[in-house]
């Protein structure tokens, strides 16, 4: 409040006449000179002073102590209630809104959890039947909302501007472009939005010379083109892997981002053995992908060979012989795959990730020949619409000066285009360039105008995920900044004074809802309609799109060959196309396969690494090379050259990488609009020439040594079958439980007694049959290793981000980690046999040494590990201050305020799940991640303590969620419903791998799962009696 | 008849809102014409009224009981009407007199209006329409349940003269004056006593001196005190006593130091000055408003919630002044000023009865602060356990200024959990677990502790 009152300290001040005194006081607090010299200047007095230096220090000490005691008063805290409290907000109670993420790379129907009006977590929308549950990146997207480096308001040539100015200037610019006869180009991400398409067509009508170019950073153009050639419409064929008994994938990482992703939950359904059956999955690929890691049979081969293999597969299934050269073992694998597919008939399905129209066409032909039930060409996926040719044409036109106005939204071509330099020079020739962007990134900083764009949680929108399947996007928070969405600007340019919300509502009422309720659709977030309304607003030049003959295509494929090294560019589970690179959760998210954080790298097979000298010698006692003294992983650098572009990347040896091939992920190496800590890795896009992820490259060793931050240094299972138990489908179906899932036995009175018997227990069992008893079941068959649970756990439990340096020192804070194990032999069973055959000490030393290195094409297993909540917990017995104790409901409690940080518990934990706060991670400039700024801290879950330095923490089995469920039931005076209990990880797992619940409630799923014949406890022989139960992994290895 | 009609017309024209007075006056002639045109209807209406009157005079003639009227007024009318202030509806003091004098409307009209105002408006009644439009086209709630007697009671109440402002203020000042007088007299007595004592002491000393002088003069030997050790010296030289004292001193200082350290961070009795002097005594005590009317989220949420200002305005839209008991410190003017602070914060223009939209959220000083690592849920205690708010918050209804009643320490929580039985009645959640657990522990009633209420993880996560 401002006030015009005059305040005065003395009468003199009020009566300015007598101002000498006031003036003097104004300049000097003490009018008389302070006699400093008198008591300091005289050396003699100082020396003879009775106060010696020591006495002085004593006085200081006492007075400090006294002052601090006197200051032991709590700070005054303020509480500011709403002036007018919104009806739907009750402080302390979370609200959920259904919305849809559509950032051009990730599309999913999600629920947003908001507390007091701020979104804090993304959850799966159970109503969304359409593919696309929240993956790790979508789970992390809520943190992007609170990115402190977002652009808060429009900018003009780097200077702050206003929307009024922006509106006037851009409208003038558009009119000027029309007047000059130049093109107006809209270069956008894939919106897949019916309303945006309608807006763009209206925009076209108004300005005439408008082109809409859709650009996907990681293109699926070939697949779209093939689909268009075959089925006459731009889209991607849909697959439902739950309907497939035999899945053959040639280079398709369909558990990753292949064709928009979101196929994993359906796939996982078929992977759980039921009635003696589960799906069989054969994977042909060069990089070790998440999909390959989950396959029953994985065949590593070069990308050029993949084409031949696919052609041969086609030949064998359709009976049109296709010639071509393949290595003998691949040839054989292809024949087996073909015969299995033929046997499976309509239960088989083939997919491919080869970016080649011929390959995609051939796949359609194979699936049609099989009459595959899993293959659905009728409801195409709309979430990838990028057109490479149109983008290339645009760059040419820009350089030719044909483009008068370029308006971009959701794209960052300077970063993602392989020919970014051309684009940049072209951009200089464009009269007016506008970028709708949340960041001052590589592209937007070069544009005339940066239109500050809102995050999807602040926006309205609609998405057609696949034909007839819609999602609605609604804001879950008021815009944090002065932002405007692209669609609002289009409305403004079109001279339409509607809001985008009204526009969507109108469009839906007229064209989509078909009499359905808007409010219901908005509530559900999803709507299944009938007609497709995403008009094709892109103007692909009318080519002769004659349906391509599959056999011709196959013959063309079969001629593929390559002599040199082949590089396959891929998108990483944690980083996608790189637009979320400033997200610390995702940076710290360990890659499911390499377990490396904060980096991208060149994956090289061990054989190639040895040949090219890219490997480091294993560290010994005397020399540290591969690992340094703290265990940090090191790697060499390599110069990778393709089409005259060279990038220097660190090298990691990837088991399972096909010989003669390399892999490198997109999404890293960004520098603008990023915190310095987050500027990691190397940009792979310059190698992505012609939008072809497969490039022939040459490679040479570069100098230097790279420091990786890896959270798992141990690669193989070493034949320890009690950690990951696995068996084959054949054994599972024919043998007894004791054969593949035996309870370990110990000797009691010279009799073998199972460890779970109460007679071999040190402890008296507490009766847990009363009340709730929580258990978590993890199905190793359904877990694909996608990591959505890891990020969900981060978001729910305020897990701090510690940074690359700390991770390298093994100080990661993940409460939930997904361990990945390779087999040393061709299979884990081979490992077990090898270990069992060790005889004598000499043999054991050498054999164990050998077993540490994974096979060239190993089997892979993922195992999510969190606190096992042992009923007989070793950590609880050693805590000197009883900070960790056991609850009746089975949870191992951790009272942070009681913990003094001795770390005995972590020492005594057989599962290594306890995490120590070495530093204060919130509000600390040394850890400049989201918890260091007010904006980033808005994501913090108010129901969970933010831990401080010197405190041990670990998975709490989401006790805040189980307590919430219990308390709600008490409040409503009802019993807890079966399967009502959830944890963050079990709620995030759309694959059904994680099931949580109360085993005392016999109606819940978990009660049955706990006693399933596949159920086992981790390290059961230790006798900890965990409350986390794993389900034996069953592989369908039969031919 | 004609005369009546004339009165009707003139009254109609002269009644108008103060602010629109001028414009209406300007249109006087036009309006007159219009009404004259409607003479016939007016006449027939009046005929009807007279007809009615003849039959109901007996009923209406009797005067109402103002006391009953007050009660009726408060239940039925006070939400929108005040006697002296324009609120949602017009001020009602002397309404009958005013309507009769100014408008020529009688009690029949008033009764009809009260029972169903929208019918009156629909009938095209001029004054009715005017009032209807003046107050934003919102129809008054129909009160068909009010009998003629009720209406005359209410009207009797409205016809009372405004009571003189309570003599409280004057009384209070008189009281303070008396108090201060008392204070002065006490001081005087004390002062007099002190002087008396001083005089006595001087007198004694002088007597002593004179006696000594006499003794000296008479050569009387005054035996000198033997060279006795002073007591303190003896004490200091006794090592055992010194040791005991030292131990006692150390122990007691340790005791007080412990006591001091244990109360650190415990804000029992914390009573900060709030930006608006909100008296729980007046609201919860004098007026008996339920705690959960304002702190409504205590029923469903972990936080009890500080009421948003719109909740205050539910009542304070009509309660614009304080008329309860006052003291010297808290006078009517003081409380009224606090209500004005609320209006400023919420952006309420009391004169025009509308929101200005300019708000200043109130920054209350938080009294009950639990540390972040402790989880407390109000709804569990309020809704599930059915505890009274006073159990933890103390006699809030007597607190003029709110303070922290309980220590809010963990020991305090635990103690209550140990002693309090879980309220299981009519709560299906507890049926099974209570049956099993009470059998296990062999008790009839389970305490919160036996139900698991002492586990660390129930409050710390």
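The values are calculated or read from the model by the stated rules, or taken from the named source; none is laboratory data. Model, not experiment: these values are computed from the prediction. Cβ placement follows ideal geometry from the backbone for every residue including glycine, while neighbour counts extend to all protein chains displayed.
Just for strands (runs of 3 or more DSSP E) wholly inside region A:166-244: which have at least 2 residues that are within 23 Å of residue A:393 (Cβ to Cβ)? Talk me through it step by step, then tell me what you get.
Numbers: elements: A:183-188, A:210-214, A:236-239.
Result: A:183-188, A:210-214.
Select from region A:720-771 the residues that are under 30 Å from residue A:294 (Cα atoms) and part of a loop (DSSP other than H, G, I, E, B) and list them in ascending order.
Passing the criteria: A:720, A:721, A:722, A:723, A:724, A:725, A:735, A:736, A:741, A:742, A:743, A:744.
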Could you tell me whether residue A:343 is under 25 Å from residue A:555 (Cα atoms) and either crowded, with 19+ Cβ neighbours inside 10 Å or assigned by TED's automatic domain parsing to the domain that holds residue A:241 (or both)? yes
Where in region A:822-897 are the strands (runs of 3 or more DSSP E), entirely inside, with at least 1 residues that are closer than 23 Å to residue A:591 by Cα? A:860-865
State yes or no: is residue B:266 within 24 Å of residue B:343 (Cβ to Cβ), surrounded by 14 or more Cβ atoms within 10 Å (Cβ to Cβ) and facing another protein chain (nearest Cβ under 10 Å)? no
Out of all the residues in region B:309-331, which are in contact with a helix residue (DSSP H, G or I) (Cβ under 7 Å, 6 or more places away or on another chain) and closer than 19 Å to residue B:78 by Cβ? B:311, B:312, B:313, B:316, B:320, B:321, B:322, B:324
Looking only at region A:952-985, filter to residues that are closer than 24 Å to residue A:876 by Cβ and in a helix (DSSP H, G or I); which one of those is farthest from the other protein chains (Cβ to nearest Cβ)? A:985
Matching residues, region B:143-183, being modelled with pLDDT of 80 or more, surrounded by 10 or more Cβ atoms within 10 Å (Cβ to Cβ) and farther than 21 Å from residue B:86 by Cβ: B:146, B:147, B:148, B:149, B:150, B:151, B:152, B:153, B:156
On the given criteria, is residue A:527 at pLDDT 85 or above, surrounded by 15 or more Cβ atoms within 10 Å (Cβ to Cβ) and more than 30 Å from residue A:108 (Cα to Cα)? no
Would you confirm whether or not region A:362-376 contains a residue that is under 33 Å from the mean Cα position of the chain (by Cα), surrounded by fewer than 21 Cβ atoms within 10 Å (Cβ to Cβ), assigned to a strand (DSSP E or B) and in the same structural domain as residue A:229 (by TED's automatic domain parsing)? yes
Scanning region A:921-943 for residues that are free of Cβ contacts under 8 Å to residues at least 40 places away in the same chain and away from chain B (no Cβ under 14 Å), the one nearest to the chain's Cα centre (by Cα) turns out to be A:932
Kindly provide the set of residues from region A:869-888 that are touching a helix residue (DSSP H, G or I) at 6+ places or on another chain (Cβ under 7 Å) and either in the same structural domain as residue A:773 (by TED's automatic domain parsing) or closer than 27 Å to residue A:771 by Cα (or both), ordered by number. A:874, A:875, A:879, A:884, A:885, A:886, A:887, A:888
If I filter region A:561-603 down to residues being on the phi > 0 side of the Ramachandran plot and not in a strand (DSSP E or B), which single residue comes out as nearest to the chain's Cα centre (by Cα)? A:578
Looking at (1) loosely packed, with under 15 Cβ neighbours inside 10 Å; (2) within 14 Å of chain A (Cβ to nearest Cβ), which is the only condition residue B:391 fails? (2)
Just give me the residues in region A:830-853 being surrounded by fewer than 16 Cβ atoms within 10 Å (Cβ to Cβ) and either under 22 Å from residue A:1034 (Cβ atoms) or without any contact (Cβ under 8 Å) to a residue 12 or more places away in the chain (or both), in sequence order. A:833, A:836, A:837, A:839, A:840, A:841, A:842, A:843, A:844, A:845, A:846, A:849
If we keep only residues of region B:416-461 that are part of a loop (DSSP other than H, G, I, E, B), touching a residue at least 12 places away in the same chain (Cβ under 8 Å) and more than 13 Å from chain A (Cβ to nearest Cβ), then the residue surrounded by the fewest Cβ atoms within 10 Å (Cβ to Cβ) is B:445
Could you run through region A:854-899 and say how many residues are more than 29 Å from residue A:1001 (Cα to Cα), without any contact (Cβ under 8 Å) to a residue 60 or more places away in the chain and either within 14 Å of chain B (Cβ to nearest Cβ) or touching a strand residue (DSSP E or B) at 6+ places or on another chain (Cβ under 6 Å) (or both)? 7
Given the criteria within 9 Å of another protein chain (Cβ to nearest Cβ), in contact (Cβ under 8 Å) with a residue 60 or more places away in the chain, touching a helix residue (DSSP H, G or I) at 6+ places or on another chain (Cβ under 9 Å) and within 22 Å of residue A:583 (Cβ to Cβ), does residue A:946 qualify? yes
Based on what the data block shows, is residue A:659 farther than 29 Å from residue A:386 by Cα and over 27 Å from the mean Cα position of the chain (by Cα)? yes
Note down all Cβ pairs under 7 Å where the first residue falls in region A:1002-1015 and is in the same structural domain as residue A:978 (by TED's automatic domain parsing) and under 12 Å from residue A:741 (Cα atoms), the second is at pLDDT 90 or above and part of a loop (DSSP other than H, G, I, E, B), and they're at least six residues apart or on different chains. A:1014/A:1032
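Yes or no, residue by residue, for (1) touching a strand residue (DSSP E or B) at 6+ places or on another chain (Cβ under 6 Å); (2) over 28 Å from residue A:631 (Cβ atoms); (3) more than 14 Å from chain B (Cβ to nearest Cβ); (4) surrounded by 14 or more Cβ atoms within 10 Å (Cβ to Cβ):
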site	(1), (2), (3), (4)
A:679	no, no, yes, yes
A:704	yes, no, yes, no
A:735	no, yes, yes, no
A:751	no, yes, yes, no
All but one of (1) exposed (fewer than 11 other Cβ atoms within 10 Å of the Cβ); (2) part of a loop (DSSP other than H, G, I, E, B) hold for residue B:233; state the number of the condition that does not hold. (2)
Could you list, in sequence order, the residues of region A:949-978 that are touching a helix residue (DSSP H, G or I) at 6+ places or on another chain (Cβ under 6 Å) and on the phi > 0 side of the Ramachandran plot? A:958, A:973
Which condition number does residue B:413 fail, the rest of (1) within 13 Å of chain A (Cβ to nearest Cβ); (2) buried (at least 18 other Cβ atoms within 10 Å of the Cβ); (3) in contact (Cβ under 8 Å) with a residue 24 or more places away in the chain; (4) within 35 Å of the chain's Cα centre (by Cα) being met? (1)
Filter region B:343-361 for residues that are assigned to a loop (DSSP other than H, G, I, E, B) and at the interface with chain A (Cβ under 7 Å from one of its Cβ atoms); the one that is nearest to residue B:403 (Cα to Cα) is B:361
